[in-house]
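Note sheet for the following structure.
The values are calculated or read from the model by the stated rules, or taken from the named source; none is laboratory data. This is a predicted model, so every value here is computed, not measured. Virtual Cβ from ideal backbone geometry, glycine too; neighbours counted across all protein chains shown. The protein model used for the area step is the full one, side chains on, heavy atoms only, and it has no ligands, DNA or RNA in it. Shrake-Rupley method; radii C 1.70, N 1.55, O 1.52, S 1.80 Å.
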There are 4 protein chains.
Amino acid sequence: MGSSFGEIFKLTTWGESHGPALGVVIEGCPAGVPLAVEEIQLQLDRRRVGQSKVTTPRGETDRAELLSGVFEGVTTGAPISLITYNRDVDSSKYENLRDVFRPGHADFTYWAKYGHRDHRGGGRSSARETWGRVAAGAIARKIIATAGAEVYGFVRELGGIKMESFDRDEIERNIVRCPDPIAAEKMIEAVLAAKDAHDSLGGIIEIRALGVPPGLGEPTFDKLDGLIGQAMLSIPAVKAVELGEGFAVTRSRGSQSNDSFYAENGRVRTRSNNAGGTLGGISTGEEIVVRIAVKPTSSVARPQETVSTALEPRTILVEGRHDPSVCPRAVPVAEAMLANLLADLLLRNRAARI
Amino acid sequence: MGSSFGEIFKLTTWGESHGPALGVVIEGCPAGVPLAVEEIQLQLDRRRVGQSKVTTPRGETDRAELLSGVFEGVTTGAPISLITYNRDVDSSKYENLRDVFRPGHADFTYWAKYGHRDHRGGGRSSARETWGRVAAGAIARKIIATAGAEVYGFVRELGGIKMESFDRDEIERNIVRCPDPIAAEKMIEAVLAAKDAHDSLGGIIEIRALGVPPGLGEPTFDKLDGLIGQAMLSIPAVKAVELGEGFAVTRSRGSQSNDSFYAENGRVRTRSNNAGGTLGGISTGEEIVVRIAVKPTSSVARPQETVSTALEPRTILVEGRHDPSVCPRAVPVAEAMLANLLADLLLRNRAARI
Amino acid sequence: MGSSFGEIFKLTTWGESHGPALGVVIEGCPAGVPLAVEEIQLQLDRRRVGQSKVTTPRGETDRAELLSGVFEGVTTGAPISLITYNRDVDSSKYENLRDVFRPGHADFTYWAKYGHRDHRGGGRSSARETWGRVAAGAIARKIIATAGAEVYGFVRELGGIKMESFDRDEIERNIVRCPDPIAAEKMIEAVLAAKDAHDSLGGIIEIRALGVPPGLGEPTFDKLDGLIGQAMLSIPAVKAVELGEGFAVTRSRGSQSNDSFYAENGRVRTRSNNAGGTLGGISTGEEIVVRIAVKPTSSVARPQETVSTALEPRTILVEGRHDPSVCPRAVPVAEAMLANLLADLLLRNRAARI
Amino acid sequence: MGSSFGEIFKLTTWGESHGPALGVVIEGCPAGVPLAVEEIQLQLDRRRVGQSKVTTPRGETDRAELLSGVFEGVTTGAPISLITYNRDVDSSKYENLRDVFRPGHADFTYWAKYGHRDHRGGGRSSARETWGRVAAGAIARKIIATAGAEVYGFVRELGGIKMESFDRDEIERNIVRCPDPIAAEKMIEAVLAAKDAHDSLGGIIEIRALGVPPGLGEPTFDKLDGLIGQAMLSIPAVKAVELGEGFAVTRSRGSQSNDSFYAENGRVRTRSNNAGGTLGGISTGEEIVVRIAVKPTSSVARPQETVSTALEPRTILVEGRHDPSVCPRAVPVAEAMLANLLADLLLRNRAARI
């Protein structure tokens, strides 16, 4: 209860930041999908730490081992187990955090909920848990590709700097994953400046899905919108999500915000896409457009006021190895979550009609 | 799959806008909760149509019948079934929509998913389905009250008009449920003007939960944030959701956005509440603050371009009885969904420790 | 939690024996199934009370109302709600049971679990709850029929009297649903004698499914065998279940009990069917054969030793209107549960391969 | 879907007989349970191969590694991941089975369901999968012990030889786990004779739970009886399950089979326990008594008639390393499944009352 996502294509992640290993078990992957561990590694490498000067120097290789569910290069329908061993664990920096709650982190709430906690590197609440989400997402991408769909994402805004042009090819060319190379430069400068100031930055990520067939989403509670909400807000540091025009649509009128239908090549299309690819919680066939708000990294090496587990006042300074902004690395995580969701809904949709 | 919400306190809604009846079955309500149908009716009346000049004139009484799960005024632990019969059904206005897709509505997507559909009043996709959510929410409110928690909501912004003052007592005193009486006047004018112009308005609703104990939420996928996302984005017309500072937090720095801890009366508190009452997906004990974007009502009595089921171009004008803005009536629905979620998480949390 | 069965084709029953009504909500029925309420009523009438001298005289018509999920005679994919109002409720016979536990019934365990209970006619634990299972089963039968499958059942043994011949056509011709007309006569005599003696009888029911395609069942916990076990042992009064040769197979040897494979008309068949139609928890395509043990009706109008809710000794004599053996009426219930399960597994199986 | 068991205390097993490793992830284990890997190993060793002359000589050590969910010797509420690497894998014996279906095994049904399969050692359908069930069961035992409950089991009958006396202390003293040492001798002889004859034997196992508090089980579909049925019939080779008197109760009368209530030390007790510890699907507080039928091992080194994947007739002789009867090793598996179920229901029951 809580560590699983999906109904048919269902992933269960496990593992702590400073435990011996992390992993994911994927149930419900259909048999017959060709799958090599290298395809999974490719996505994991996009999320990996230590990639550039804007990410943490923690030196994990994040190498995936594929332990089950694939036989002679093809999925068998059995659960797929993927594991990575933690190598570069340095818990010494965390010893002083054993009895104190870091502001902005889950230290206090885990302690309140469970009564005791693994304080090393955030334990279970660490974003290292997202390793398994990305690993599963690599498989999900293959499933949705069979229906012609793909997912990609990018940083729209970082530290208040907005992208002003869009070239999809630029995204993976810069270390902040921004489709506007000029804005990217500014973002990188801002991140480095924040890092120097022992501070951190937030930003806005956009995730898009192309080629999604109409019909995905299960009214009324498992609407595509609702499950996108869950998927995105389950990612560490994400505090808001919007589809299509999102908050901006509240300032338009129905006669403007409704997307008109027309027919094209035997398909129903809409002239605009204010709705972001869903109507009534079901995909329309238009691009699915999702934006998420990522808060500034909570770990900042500045003095912060807090309390100990004994409720005594403390001032702490969070050292350790942290990303000054998690936005660039959150892109593949958010992509993976959308892919995981779409794979699940694609399989669920097979039961929609007799 | 799709019509149920919750793991322990689980509701399943059923029924169509123009079918004979609508209802909800609630599983997992603990035994021992005193419950009278009048308590449920009280909440249903807040959501009911025909309440004022800003809502649709459809004259449903929405009267609830309590058919099971309660014996001698107390819940028994058995499923609770609640039903309301549709009385004021006028399907004649919809006959011309049998073979055409209304822009902004779920007509096309239901047709794409299921192959055929009940076109009368939106069928299953109608917001009339939310009757059951509000009915369940009335019970959920009683459950969370046993832990000292309560939920309320209001309209923050409507048609671009923002609330500028806050007085909780004002909310239910005006027909747009705005805590600022001066803004409320302007909002009402705007709604009536939109109605006269055969158009519609959107807005922003805020829902708050007070007295929620620390510890609710199930990492990592059933985080409080994630499930709030699902709950809110499963409400018709909602296109975005944010917690605490939401999108705005992306423009601050970690040293600013982190909420400092301090101790007060033996409890851990935070000096600010930028996080909106959650950390690591678990409630902190601070106020839970959620904002949602409600799009303008899709039904507008203006000519709109669309296509028929045979993919031929059409121009339609959606008549029928509609709210020019659903914001005021969406308040009790959003409140109910947050209450339903919190009740479920409160019960799930009982298994957190041995 | 507890009142639902199935993952995709999911039924949720609600209602108490002496409450105002009983019902079932079916989620996940695919769109496009032609469905008339009369088809459901046909199955309900097979389970109905007051059918013959071997069943209780309680005079319920068990008339089903179809409230949602069907439009113009075809399922829409939306939840299907079915309801029946209790008409012939006579709670007076139960007033003396308010504070005492009937042996063999759920009175004590409900009280232990929930702290209070609806004592009238067993409340939620009454076999009247099976109304909804049979109603759902009527729809499930239509779904599995699209794959060529059907389900039927009969009484093999009653009060120790065994069937000695088998003619499927005989089953519905006698009031004990035995395929051997000579044994049927003896069974009827035995039931009437037990009734005169204010006592009750148990028996063994066999349920078979024909035409089930190979491949149904989800290893390793949702094996066809495992879910048949759950389905059958969730029926009131059922205390054992076996597949194929069941307990008898424990006395054979592997070389005998293994069913040999051969090919016939391009299909893999087995020469014997000791396994009862499953291997590794997945259907083989052979007949599915299930036998269940039904205990004697717990309500007997003889003095029985028991205790009150205050733990004082009592002697009670359970009056009211009861079946002297529930076997004949349990046949359509067990058939329905197997049909419900197979419908669900058929839909789940659609996701087995890419 | 299929590889998970439980709602709150939920286990997900993964891995194939001849894959690199096997494992289990346990979600929902409450925080605060002291747990050492040695406690888990103790149970795993009871199930391990190569223990005696009546089990397969495959030389797995079955050593468990504990990878997550435990910090400083205490569970944290996070998922617990346990893994064992396969060491003594010899797939050469299976190469000739690549394109042929072994009678009594899941070869054909996996092929029918998934289109291709891992033929080595049964792949996913191998009883090696039960490693994870036993590992989880070791944790479940600790949870139910907090409520005073414990589980144990034994072989009642093997190859037609019945136990005739009962001494719990004898069970683990002999290699067939029979509580009657004289019958045990005969059973061992029978197993060795069957082994010499290249054949196999089945038997009947009994599992009991002591000290289970009244109130466990979730009517109406998640009855204790129903879930025991699922748990037991999901174990490889199990073909039948009965509670209490089971099939025998069908030959008694209600006046005999009802267990009379009396009060003892402020507790409600029953004078007999024909029901096997449940009423209405909820535990009574009496001993839970379950019996299961285990079929003879399907692998027999005798010529058997079968077909190939090309549907051509074949005669095969199944070599490899197999138990001539799986009964002794199935005891800890069945115990574990009952413990897993009871742990889950104990946690679910926490939400039964407000």
>> Using Stokes-Einstein with the Kirkwood hydrodynamic radius over Cα pairs, what translational diffusion coefficient do you get for segment C:1-105 at 20 °C and a viscosity of 1.002 mPa s, in µm²/s rounded to a whole number?
In response: 135
>> List the chymotrypsin sites (Phe, Trp or Tyr not before Pro) within segment B:136-174 that DSSP assigns to loop and that have no more than 13 neighbouring Cβ atoms inside 10 Å.
In response: B:PHE166
> Out of B:ALA237, B:ALA339, B:ALA112, any idea which swings most in a Gaussian network model of chain B, alpha carbons joined below 10 Å?
Replying inline: B:ALA112
> Which one of A:ALA106, A:VAL74, A:GLY123 has its Cα pushed farthest toward the positive end of the charge dipole of segment A:1-124, where Lys and Arg give +1 and Asp and Glu give -1 at the Cβ?
Replying inline: A:ALA106
> Between A:ASN86 and residues 5 or more places away or on another chain, which pairs have amide H atoms under 5 Å apart, with H built 1.01 Å from N, and which residues are they?
Replying inline: A:ALA21, A:LEU22
> B:ARG353 to B:ILE182: FRET efficiency via 1/(1 + (r/R0)^6), r the Cβ-Cβ distance, R0 45 Å, to the nearest 0.05?
Replying inline: 0.40
>> Using alpha carbons only, how many angstrom separate the centre of segment A:287-354 from the centre of segment A:227-265?
In response: 20
> Hey, got a sec? Which trypsin sites (Lys or Arg not before Pro) in segment B:42-131 land in a DSSP loop and have at most 15 other Cβ atoms within 10 Å?
Replying inline: B:LYS53, B:ARG63, B:ARG87, B:ARG98
> Helix C:181-196 versus the longest principal axis of chain C: what angle, 0 to 90°, nearest 10, using Cα atoms?
Replying inline: 20
> Hey, in the GNM for chain C with a 10 angstrom Cα cutoff, which one of C:GLY229, C:GLY203, C:GLY115 fluctuates hardest?
Replying inline: C:GLY115
> Percent relative contact order of chain C, based on C-alpha pairs within less than 8 angstrom and at least six residues apart?
Replying inline: 21
>> Give me the 1.4 Å probe accessible area per residue for the protein assembly as shown, excluding ligands and nucleic acids, in Å².
In response: 30
> Quick one: how many Å² of B:TRP14 are accessible to a 1.4 Å probe, rounded to 10?
Replying inline: 10
> Taking H as built 1.01 Å from N, whose amide H comes closer than 5 Å to the amide H of C:VAL307, not counting residues under 5 places away?
Replying inline: C:PHE101, C:ARG314, D:PHE261
> How large is ³J(HN,Hα), in whole Hz, for each residue of segment B:9-17 in order, when computed from phi with the Karplus curve 6.51 cos²θ - 1.76 cosθ + 1.60 and θ = phi - 60°, using x for Gly and Pro?
Replying inline: 7, 10, 10, 10, 9, 8, x, 10, 3
>> Only Cα pairs within less than 10 Å get springs; with that Gaussian network setup on chain B, which residue of B:SER257, B:SER298, B:SER200 has the largest fluctuation?
In response: B:SER257
> Which angle from 0 to 90°, rounded to the nearest 10, does the C-alpha axis of helix B:37-47 make with the longest principal axis of chain B?
Replying inline: 60
>> Show log10 I(q)/I(0) for segment A:279-354 at q = 0.11, 0.12, 0.20, 0.27 Å⁻¹, two decimals, from a solvent-free Debye sum over equal Cα scatterers.
In response: -0.56, -0.62, -0.98, -1.28
> Which residue is it, in chain D, that holds its beta carbon closest to the axis of the D-onto-B rotation, and how many whole angstrom away?
Replying inline: D:ARG350, 2
> Rounded to the nearest 500 deg cm²/dmol, what is the calculated helix-only ellipticity per residue at 222 nm for the protein assembly as shown, with -39500 (n - 2.57) per DSSP H run of length n ≥ 4?
Replying inline: -7500 deg cm²/dmol
>> Can you give me the Kirkwood hydrodynamic radius for segment D:202-354, using every pair of distinct Cα atoms, in Å to one decimal?
In response: 17.8
> Using a 1.4 Å probe on the protein chains only, how many percent of the accessible area of the protein assembly as shown belongs to carbon and sulfur?
Replying inline: 48
> How large is Rg over Rh for segment A:160-200, taking Rg from the Cα atoms and Rh as the Kirkwood inverse mean of 1/r across Cα pairs?
Replying inline: 1.02
> Over the Cα atoms of segment C:54-160, Rg to Rh with Kirkwood Rh, two decimal places?
Replying inline: 1.05
>> Given all pairs of different Cα atoms, what value in angstroms does the Kirkwood hydrodynamic radius of chain A take?
In response: 21.3
> What total accessible area, in Å², is buried where chains A and B meet, using a 1.4 Å probe and rounding to the nearest 100?
Replying inline: 8400
> What relative contact order, as a whole-number percentage, does segment A:166-268 give when Cα pairs under 8 Å and 6 or more residues apart are counted?
Replying inline: 9
>> Quick query: amide H of B:ARG353 versus all other amide H atoms, modeled in the peptide plane; which residues come in under 5 Å with a sequence gap of 5 or more or a different chain?
In response: D:ALA31
> Tell me, what is the 1.4 Å probe accessible area of A:LEU210, in Å² to the nearest 10?
Replying inline: 50
>> Rounded to the nearest angstrom and ordered from largest down, what semi-axes does the equivalent ellipsoid of segment A:80-142 get from its C-alpha gyration tensor (root of 5λ)?
In response: 27, 14, 9
> For the protein assembly as shown, what ratio Rg/Rh do Cα atoms give with a Kirkwood hydrodynamic radius?
Replying inline: 0.96
> How crowded by other chains is C:124-131, given as the mean number of beta carbons from other chains within 10 Å of each beta carbon?
Replying inline: 3
>> From the Cα trace of segment B:190-238, what convex hull volume per residue do you get, rounded to a whole Å³?
In response: 82
> Per residue and in Å³, how big is the convex hull formed by the alpha-carbon atoms of segment C:282-323?
Replying inline: 143
> So what are the ³J(HN,Hα) numbers for segment D:131-140, from phi and the Karplus equation (6.51, -1.76, 1.60; θ = phi - 60°), rounded to whole Hz, Gly and Pro as x?
Replying inline: 3, x, 5, 6, 4, 4, x, 5, 6, 4
>> For segment C:249-354, which trypsin sites (Lys or Arg not before Pro) pass both filters: DSSP loop (anything but H, G, I, E, B) and at most 14 other C-beta atoms within 10 Å?
In response: C:ARG271
>> In 5 Å bins starting at zero, report the fraction of Cα pairs in segment D:219-307 per bin as a rounded %.
In response: 3, 12, 18, 18, 16, 11, 7, 5, 4, 3, 1, 1, 0
> To the nearest 20 debye, what charge dipole does chain A have about its Cα centre, counting +1 at the Cβ of each Lys and Arg and -1 at the Cβ of each Asp and Glu?
Replying inline: 420
> Per residue of B:305-311, what is the mean number of Cβ atoms on other protein chains within 10 angstrom of that residue's Cβ?
Replying inline: 5
> Going down the list A:LYS239/B:LYS142; B:LYS186/B:LYS223; D:LYS162/D:LYS195; D:LYS93/D:LYS162; B:LYS239/C:LYS10; A:LYS142/C:LYS10, which pairs span over 26 Å between their C-alpha atoms?
Replying inline: A:LYS239/B:LYS142; B:LYS186/B:LYS223; D:LYS93/D:LYS162; B:LYS239/C:LYS10; A:LYS142/C:LYS10
>> Inside 10 Å of the C-beta atoms of B:30-40, what's the mean count of C-beta atoms belonging to other chains?
In response: 2
> Could you give the angle, 0 to 90 degrees to the nearest 10, between helix D:224-233's Cα long axis and the longest principal axis of the Cα atoms of chain D?
Replying inline: 10
> For segment C:309-317, what does the Karplus curve 6.51 cos²θ - 1.76 cosθ + 1.60, with θ = phi - 60°, yield as ³J(HN,Hα) per residue in whole Hz, taken in order and with x for Gly and Pro?
Replying inline: 4, 8, 6, 8, x, 9, 10, 10, 9
